[in-house]
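Structure, as structure tokens:
Values in this text are rule-based calculations from the coordinates and carry no lab data. Everything numeric in this text was worked out from a predicted model, so none of it was measured. All Cβ positions, even for glycine, are placed from backbone atoms using ideal geometry, and neighbour counts span all protein chains on display.
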Amino acid sequence: MSPEFLAPAMMIASGSIHAVVNAILKGGKDKMTGRAIIDGSSALILLPATLLVPLPHGAWGWLGLSAAIHCLYLYAVVRAFEASDFSAAYPVMRGAAPMLTAALAILVFGEAVPMREALGIAVIGGAVATLVIGRHLGRAGLGWALLTAAMIGCYTVADAHGVRAAPRPVSYIVWSFVLSGAAIVTMFGLVSRGRIFAAALAQWKPGTAAGALSILTYGLALNAFALGAVAPLAALRETGMITALVIAVVFLGEKVTLVRALSVTGILAGAALILTA
């Protein structure tokens, strides 16, 4: 399969798997503990692979920057979910992210975004953001959700640059999970004063499964970034919101509303604009 078809396919699959990971996180009692287990287990799974892949020479700086951004990103995610409902905060995070990522890609990479792709990015972002209609989102929750969206844009651009700077994409992917996982577990351990380690006993099974899926979802995304333009690919990842809505309706018993139907239609329309640009 040629890169122009393979990269979008990878990103759409990545988005769907990402929705499953977030559904597992949502189902856990302690979001901070759940997130620490996900990232810690993915780091442990890939730790032996550091002996098998080339060292990511040329990408160490990007790896360090990515780990720092991911720590702030995940702290903001947890605080957003503590301050507001998942169904209110999550659409804001994911809806604002494509447009922020596109702006950063243009500024950092100097990417040219054709009008059709730019329209598709805006349509996907707007369609995801409409899911917040009818949901209560306080000022604190909105602030943390917008900070999360900004960090998604920052780590997306940093990792896209890093995966291209490394000798091989797999090298960057392995070291990214190991370094970021270690940093994230350390951060949450300090913030919770060690509470997450005791709480992990009750959540380790679903958290470990989500950790393995996390490797797959972001591994696909990073491979896609090595092949194509950042802005449209990042927007295509938000098609995973359709999977999230299917999970909510089929497995969580939530209703199909007009807003949700319009959102799905908008996401599909935006994806079609990008894929046909």
**Message:** Suppose each label sits 7 Å from its Cα in the direction of the beta carbon; what would the LEU52-ARG193 distance come out to in nanometres?
**Reply:** 4.2
**Asked** Just the C-alpha atoms of the stretch 118-277: what Rg/Rh do they give, with Rh taken as the Kirkwood radius?
**Response** 0.99
**Message:** Only Cα pairs within less than 10 Å get springs; with that Gaussian network setup on the chain, which residue of SER41, SER176, SER84 has the largest fluctuation?
**Reply:** SER84
**Fill in**
Scoring only Lys, Arg, Asp and Glu (+1, +1, -1, -1) among other residues with Cβ under 13 Å from the Cβ of ARG135 yields -1
**Request:** List every DSSP H helix in the chain whose Cα atoms extend 24 Å or more along the helix's own long axis and whose mean Kyte-Doolittle hydropathy is at least -1.0.
**Result:** 3-27, 60-83, 86-109, 139-165, 169-191, 204-225, 258-275
**Of (i) 7, 30, 38, 21, 4, 0; (ii) 6, 24, 29, 22, 11, 5, 2, 1, 0; (iii) 6, 26, 32, 24, 11, 2, 0, the label for P(r) over Cα pairs in 10 Å bins from 0, in percent derived from the coordinates** = (i)
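For every other residue with a beta carbon closer than 13 angstrom to the beta carbon of PRO206, add +1 if it is Lys or Arg and -1 if Asp or Glu, then tell me the sum. List each step's numbers first, then the result.
Numbers: positive: LYS26, LYS29, LYS31, ARG35, LYS205; negative: ASP30.
Local net charge: +4.
Over every pair of different alpha-carbon atoms in the stretch 2-138, take the mean of 1/r and invert it; report that Kirkwood radius in Å. The partial results should precede the final answer.
Working: mean 1/r = 0.0568 Å⁻¹.
Taking the inverse mean of 1/r over all distinct Cα pairs, the stretch 2-138 comes out at 17.6 Å.
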**Item:** For the stretch 120-277, size of Cβ-based charge dipole, Lys and Arg +1, Asp and Glu -1, in debye
**Value:** 300
**Prompt:** Just how large is the dipole of the stretch 168-259 about the Cα centre, in debye to the nearest 20, putting +1 at every Lys and Arg Cβ and -1 at every Asp and Glu Cβ?
**Reply:** 220
**Asked** Sorted by average packing, counted as other Cβ atoms within 10 angstrom per residue and highest first, what order do 30-40, 259-269, 60-70 take?
**Response** 30-40, 60-70, 259-269
**GNM top mover of PRO232, PRO167, PRO48 - the chain, alpha-carbon springs below 10 Å** = PRO48
